[in-house]
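The values are calculated or read from the model by the stated rules, or taken from the named source; none is laboratory data. From a predicted model like this one, the values you see are computed outputs, not experimental measurements. Every residue, glycine as well, gets a Cβ built from its backbone with ideal geometry; the counts of neighbours run over all protein chains shown.
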C-alpha cells in the first residue's frame, strides 16, 4: 500500500495577508492621545511597508480600561472579523488587548476559530502557533495579576487620602461647583441658581420627572450638555455636597472594575461643613423627607379597602359638599381598584364618560383642605411645572362665574 502525503495548502496562497492593528490607551490625557496617534501611524506604516501584507485598518479605544469588554473599537474589530474583513491582528502587548484573562482568551479563541491570528509584538506570541494559547494564558495571567496589584495600590492610596479628609478631583466637577486656583471648592453661581430652583420645586412637591421637563422646556442644559433626565435630577437632589457636606468613598469597584454604590463594602468618611453650601441644610433635609415619602408611596403596597361598607355621612364628612365643574353633579366617594380613595363625578360613574368626562379627586387632597362649611366646586388644573393640582371655589360663586363666562346676564357680570 502506497501512502501519498498531500501538502497543506496555504489559505492565503497567492494573496496578500490582510492585516489590521488594535491600539488602546486607558486615559484621555494629552500625552496618551499623542501615543494613540503615534501607534496608529506606526502600524499603518509597518503594515503598508510589508509587500506580503495589505493594510486593513487600525481599531482603537481611548480612555477605556482593558477590563471592559464593550470597548467600541474592540467590539468593532470583532464584528469585522466575523465579516471576514482581515486575516491577522497586530497588537503591541497583551495588556493593550485585554487586562483580564477571560476576555483575552475568549476573544483570541473566537478569532482563532475564524482563522484569524493575533500577534502580540512585545511577547512575540502568535495565537495560531502550536504553543500560542499556552504562552498567552501564562503571560495573560501575569498581566492581570500585575494590573490588579497596581489597582490595589491605587485603592490604598485613595483610602489613605480619604482618611486624611483629602477629596478627589471628581468633587470639583460636581454640577454647581468648581475649584479655585488654590484647589478649594467654590460655587459656580450660574449653575448654583439651577440647583436652588430644583430644590425649591422638590420641596413644593414637584416630582423629579416634572422638574426635568421644566428644565428642558426652558432650555437649561444638563451638566454635560443636552437634556436632563430623571436620574440626573435625582442625583442633584440627593447629593450632600449641596448643603456643604462631603462623603468620601461613595462608590466601590468590583473584580471587573465596574463601579457600584458603596453599601458598606468599604469605609466611608462624612465631612460636615467642608465647603460653602448652595442650599440651606434644613431645605436639603426637607427635600430628602419629600423624596422618601414619594418613594414609600411608590414602593409600599396599598392598604386593603375596608371589609365592611361605611356610612358616608359618618366616615366621609365631605359627602354632599364636593361638586363636578363640568356637569355640576356631586362627587361621590370611590375606591379605585379597591385600593385608593377618590371623590369622583356621579354622572361619570353612574351614567357614562360620554355624559361627563368627570373628575377624580384623590382623598388625600381633601384631607389637606379640611372641612368646608358650604358646598364647593372642585377645579382641576396643571401648574406651570406640569403637576396636576386641584382647587375649590364656593359652588354659588363658581356657577355665577361660569354664567358670566358664557355671556349670560347676571349681577356679577354687571359689576
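Screening residue 243 with (1) without any contact (Cβ under 8 Å) to a residue 60 or more places away in the chain; (2) buried (at least 20 other Cβ atoms within 10 Å of the Cβ); (3) more than 22 Å from residue 383 (Cα to Cα); (4) under 17 Å from the mean Cα position of the chain (by Cα) gives one miss only, at (4).
Yes/no matrix, rows are residues, columns are (1) within 20 Å of residue 53 (Cβ to Cβ); (2) part of a helix (DSSP H, G or I); (3) touching a helix residue (DSSP H, G or I) at 6+ places or on another chain (Cβ under 6 Å); (4) assigned by TED's automatic domain parsing to the domain that holds residue 44:
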| residue | (1), (2), (3), (4) |
| --- | --- |
| 75 | no, yes, no, yes |
| 78 | no, yes, no, yes |
| 81 | yes, yes, yes, yes |
| 99 | no, no, yes, yes |
| 102 | no, yes, no, yes |
| 107 | no, yes, no, yes |
| 111 | yes, yes, yes, yes |
| 115 | yes, no, no, yes |
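No other residue among 87, 80 is surrounded by fewer than 18 Cβ atoms within 10 Å (Cβ to Cβ), closer than 22 Å to residue 42 by Cα and at pLDDT 90 or above apart from 80.
Taking only segment 197-210 into account, find how many residues are buried (at least 16 other Cβ atoms within 10 Å of the Cβ) and out of contact with any helix residue (DSSP H, G or I) (no Cβ under 6 Å at 6 or more places or on another chain). Number of matching residues: 3. Of the residues contained in segment 36-55, one or more are found to be in contact with a helix residue (DSSP H, G or I) (Cβ under 7 Å, 6 or more places away or on another chain) and modelled with pLDDT of 80 or more. Could you check segment 307-409 for strands (runs of 3 or more DSSP E) lying wholly inside it with 2 or more residues that are under 30 Å from residue 206 (Cα atoms) and either in contact with a helix residue (DSSP H, G or I) (Cβ under 9 Å, 6 or more places away or on another chain) or at pLDDT below 85 (or both)? Strands (runs of 3 or more DSSP E) meeting the threshold: 331-336, 340-345, 376-382, 388-394.
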